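Single-structure report; data block below.
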Amino acid sequence: MASKIELKSLVKPRSLKTFTPGETVQLQGMVFNTRVTKWGGFILLRKPEGVVQIVIQNDKTVITDEKGEAITLNALSRESAIAVDGVVNASNIKDPASANNQIEIAADAIRVISAPSTTDLIDQNSIQFDPDTSLAFKLDHRQVTLRNPRDMAIFRVNAVIVKAFAEFLTANGFTQIFSPKIVAEGAEGGANVFSMDYFGKNVYLAQSPQFYKQIGVGVFERVFEIAPAYRAERHNTSRHLNEYISLDVEMGFIKGQEDVMLLESCLLEHIIRTVESECAHELAFLKAELPKMPHTIPVFRLSETHEILMQHYADKMSMDHRGEPDLAPEEEVLICDYALKEFDSDFVFITHFPSSHRAFYAMDDPDDPTLTISYDLLMRGREITSGGQRIHKEEQYIEKMLKRGMHPENFKFYLETFRNGMPPHGGFAIGLERILSGFLGIPNIKEVSLFPRDINRVAP
Ligand code: AMO
């Protein structure tokens, strides 16, 4: 059995950022690229944090293949898994994919641990830099195309967003939950629900953890969940996926939806600051600028938004949207433009959507029951969140369900929650791919989904 001391070195490989000139080092990684010169050449070694330059000198560096026989740099295939022994030297690397541009490694020995089984490898350089390489090609070969520094940088930022989300909520008394994705009823209504056979019964893939996070409030007061959500979107757009990651939050004992909006503002601020401090390298590489978060995010009612846009952008709109129950995509773009110009904010809250266009669990506004106490949060021209206050009384649920022609008997377990007592509560869900694409300025969310599922794609 391995001793704990050995395990320690396995658990945490040393970060390349800690390498200093003069040190003797041993490291392992995959060959991203090689360049042969008269005197030797270079290997770009791929590590989780980026690439590192290895310098080969023909008269000094010994390279051996899987069998232990000496080979030339020319014979070293890209995507070989190798072990390197060498000395760290100071350098000044220009490659933005570099994990630490202050150093390179002068290799004494390179040992091939495992070489690929083909010489017909996917050309990562063209994937990264050639705008003509189609997204379809990249996605068809995603299992390999993810290995280039650009995609790796995208998904490192992704991981930091998720970490910051969980960190902030945990620090603020929220308990992380994991709810089922095979469910008896769609929570959000509408036709975009996937149904499937479950031992002869018709069941669904969860459109959101809505019911379960509300149930979670009855237990823990404050809960969050990070999990896939499923939507049978028939349209192939740059902002819809059939499976996306939903960052869900639900909080009990709220005074109103303002509490929920304040929580989300502070949460986003924390996420932005964390990405800023931990992903400076990735942001520079991707030429991304994080969104501007003002002290207070501007808030407009939906009806007010239609009016503002008619007043300021009538010439830019295809039609007059006043009286409509939702924001048109062109309005999402224009109200964000307005928020940026007037409030220096890349975010804007839109509130008071009509009850007829929100899910049944949304609390109706006592001042005007045709409206709900609910909101959307837009960032850089796109909706990233829906949220609001929920109904917390069983009678109100039943009344609203019956009005909508829904059958309360289909929601027995959900209603039992409220019959047994619930505090006033509310919450929201952020689409992970939507915030990541917005942070990085990558318009198509398929590019920021690890293995996107759309109407034509279920593999890889
Ligand atoms: P909603 O249906 O608005 O609300 O979804 C919340 C957020 O999830 C993201 N999202 C999507 N992302 C990619 N592809 C899709 N097909 C897709 N659909 C939704 C968006 C959206 O703002 N239960 C409520 C949330 C709540 O009130 O707590 C809900 O699911 O970023």
* Electrostatic dipole magnitude of the chain [Cβ: Lys, Arg +1; Asp, Glu -1; Cα centre; debye, to 20] -> 1380 debye
* Asked: Heavy-atom accessible area per residue, region 261-311, 1.4 Å probe: how many Å²?
  -> 49 Å²
* Per residue, how many Å² of accessible area does region 408-460 show with a 1.4 Å probe? -> 40 Å²
* **Estimated inter-spin distance, Ala75 and Ala136, nm [label 7 Å along Cα→Cβ]** => 4.1 nm
* To do: Write down the radius of gyration of region 366-460 and its Dmax, each obtained from C-alpha positions, in Å.
  => 18.3, 51
* Structure fact -> Helix-only [θ] at 222 nm, the chain, -39500 (n - 2.57) per DSSP H run of 4+, per residue, nearest 500, equals -9000 deg cm²/dmol
* To do: Using Cα positions and a limit of under 25 Å, work out the lysines in reach of Lys163, with same-chain residues fewer than 8 apart set aside.
  => Lys8, Lys12, Lys17, Lys47, Lys181, Lys213, Lys287, Lys292, Lys446
* Structure fact -> The answer for Gln207, listing residues at least 5 apart or on another chain whose modeled amide H is closer than 5 Å to its amide H, is Ala187, Glu188, Tyr230
* Structure fact -> Taking the alpha-carbon centre of each part, the distance from region 65-104 to region 330-399 in Å is 53 Å
* Asked: What ranking of Leu450, Leu440 comes out by heavy-atom accessible area, probe 1.4 Å, highest first?
  -> Leu450, Leu440
* Structure fact -> The helix 302-313 Cα axis meets the longest alpha-carbon principal axis of the chain at an angle in degrees, between 0 and 90 and rounded to 10, of 70 degrees
* To do: Could you work out how far apart the two model spin labels at Trp39 and Ala328 are, taking each label as a point 7 Å from the Cα in the direction of the beta carbon, and quote it in nm?
  => 6.6 nm
* How much of the accessible area of the chain, probe 1.4 Å, is carbon plus sulfur, in whole percent? -> 54 percent
* Asked: For region 355-396, what is the relative contact order in percent, using Cα pairs closer than 8 Å and at least 6 residues apart in sequence?
  -> 33 percent
* What net charge do the residues around His407 carry, taking every other residue with its C-beta under 13 Å from that of His407, with Lys and Arg at +1 and Asp and Glu at -1? -> +2
* Quick one: Karplus J couplings for region 279-286, per residue in order, coefficients 6.51, -1.76, 1.60, θ = phi - 60°, nearest Hz, x for Gly and Pro? -> 10, 4, 5, 5, 5, 5, 4, 8
* Structure fact -> Magnitude of the Cβ-charge dipole (Lys and Arg +1, Asp and Glu -1) of region 317-460 about the Cα centre, nearest 20 debye, reported as 660 debye
* **Nearest-ten-degree value, helix 149-171 long axis tilted from longest Cα axis of the chain** => 50 degrees
* To do: Enter the accessible area per residue of region 137-176 (Å², integer; probe 1.4 Å; all protein chains in place).
  => 38 Å²
* To do: Can you tell me the dipole magnitude for region 254-408 around its Cα centre, using point charges on the Cβ only (Lys, Arg +1; Asp, Glu -1), in Debye to the nearest 20?
  => 320 debye
* Structure fact -> The ³J(HN,Hα) series, computed from each phi in region 402-413 with the Karplus coefficients 6.51, -1.76 and 1.60 at θ = phi - 60°, rounded to the nearest Hz and given as x for glycine or proline, is 5, 4, 8, x, 8, 10, x, 5, 7, 10, 3, 5
* Extended-chain gain in nm, criterion 0.36 nm per residue less alpha-carbon gap, Ala459 and Arg404 -> 16.0 nm
* **Highest-first arrangement of 90-96, 396-402, where packing means the average Cβ count within 10 Å** => 396-402, 90-96
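The values are calculated or read from the model by the stated rules, or taken from the named source; none is laboratory data. Since this is a predicted model, take the numbers as computed values, not measurements. Neighbour counts are summed over all protein chains in view; Cβ atoms, including those assigned to glycine, are modelled from backbone coordinates with ideal geometry. The area values use the complete protein model at the heavy-atom level, side chains included, leaving out ligands, DNA and RNA. Shrake-Rupley method; radii C 1.70, N 1.55, O 1.52, S 1.80 Å.
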